[in-house]
Ligand code: CA
């Protein structure tokens, strides 16, 4: 969390806690708000299928850490998508206070809040390293909180998928023309860019992806990365596995908390949730990286699939179509434009630094 957010959300509470804790005996009445014997039984709903590895499991691990650190004063029962409410009603359920917490990703609410997409991922956008720098220390989280404020929802970054894979195709992609007329499961802004390239983006739930590809109802699909893609068996349905995931270069996952529920918590419990979310943000990303590197090795050992990089020309064309798409969205929507400009301003500086730090270092291996 950056300093302004810390000052705004956590420090006032901590000061209040300190003042009341240090106050004389005759002011004990003012301690009523900090009743350490009070327990909170909260519900969290997620957008993930039951038992979904890493993502649903990470949300459950977060809840367990909060319970342990609060000595059982806050108990969060985690429900997968559809167990309590439909997956894509998570944001509304938190907004309306039907439940206290949600876990998902901000681009799921693009229909309601288009600019929220900048807090998950955008095509050719920042990787997890840049996103964490922007959100925690570059003003991104403050903007995110402003965007969710009218909905009485407080967001926290909680997890990241890492750079995704480009997807599974039933034919080789040698030029942008090869995308024309292709039916591909690719959601969000990536889907809009794909349509600009002449493709036909299709929306499908995760549970339908394998069958659609296997039966040639679609020609291609993206999903997540090697680990989740392998579990879904996608290598049995298409032979060409492309990288990188230009459309999702590191999707930020979010914890959402109902504002009224948050305000009802004592400052120590707010601090526990804040830091448990920061901790799980890195735990989930690092687990994803570990599982992906292991699954990639297994997929590389298979002779029946080809793992290939999109041609440079295809990536360059998709990147310029992304810039057009974002400019069109910004021209039509001032709220989108405001967040886009803030994102781009940070991103330009991040690009300059990355070029001489991580990118430059990693290029050594390729020489
Ligand atoms: Ca994806």
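Look at the alpha carbon pairs under 8 Å that are at least 6 residues apart: their mean separation over the length of the chain gives a relative contact order of 22 percent. Taking the longest Cα principal axis of the chain as reference, the axis of helix 334-356 is set at about 70 degrees.
Here the label points at residue 171 and residue 294, each 7 Å from Cα along the C-beta direction, are separated by 3.8 nm in the simple model. The order of 113, 153, going from fewest to most other C-beta atoms within 10 Å of their C-beta, is 113, 153. Restricting attention to the chain, close to 45% of DSSP beta bridges with both partner residues there are antiparallel.
Order by neighbour count: 152, 247, fewest other Cβ atoms within 10 Å first, most last. List each step's numbers first, then the result.
Numbers: 152 17, 247 26.
Lowest count first: 152, 247.
If R0 equals 25 Å, the separation of the Cβ atoms of residue 341 and residue 195 corresponds to a calculated FRET efficiency of about 0.55.
Across the stretch 104-145, Cα pairs under 8 Å and at least six residues apart give a relative contact order of 27 percent. Stretching residue 180 away from residue 302 to a fully extended chain increases their span by 41.0 nm, per 0.36 nm per residue minus the current alpha-carbon distance.
Distances between every pair of Cα atoms in the chain, grouped in 20 Å steps from 0 to the bin holding the largest one, split as 28, 56, 15, 2 percent.
Modelled this way, with points 7 Å down the Cα-to-C-beta line, the labels at residue 278 and residue 333 are 3.1 nm from one another. Between helix 267-300 and the chain there is an angle of about 20 degrees, using the helix long axis and the longest principal axis of the Cα atoms. Say R0 is 30 Å: what FRET efficiency, to the nearest 0.05, do residue 112 and residue 323 get from their beta-carbon distance? Calculated value: 0.75. Per-residue extension of 0.36 nm, minus the Cα-Cα distance of residue 239 and residue 88, leaves a gain of 51.2 nm for this segment.
In percent, rounded to a whole number, the relative contact order of the stretch 128-275 is 36, using alpha-carbon pairs under 8 Å and six or more apart. Taking every DSSP bridge with both residues inside the stretch 116-246, close to 50 percent are antiparallel. The helix-based estimate of mean residue ellipticity at 222 nm for the chain, built from -39,500 (n - 2.57) per DSSP H run of four or more residues and divided by its residue count, is -14000 deg cm²/dmol to the nearest 500.
If I fit a long axis through the Cα atoms of helix 55-69 and take the longest principal axis of the Cα atoms of the chain, what angle between them do I get, 0 to 90°, rounded to 10? That works out to roughly 20 degrees. For the listed peptides 37-44, 122-129, a ranking on the average number of other beta carbons within 10 Å per residue, highest first, reads 122-129, 37-44.
Inter-part distance, the stretch 230-252 to the stretch 298-326, computed on C-alpha centroids, equals 10 Å.
Bear in mind that the values in this text are calculations on the coordinates, not laboratory data. Given the structure is predicted, the values throughout are model-derived calculations rather than measurements. Ideal geometry is used to build each Cβ from the backbone, glycine not excepted, and the neighbour counts take in all protein chains shown.
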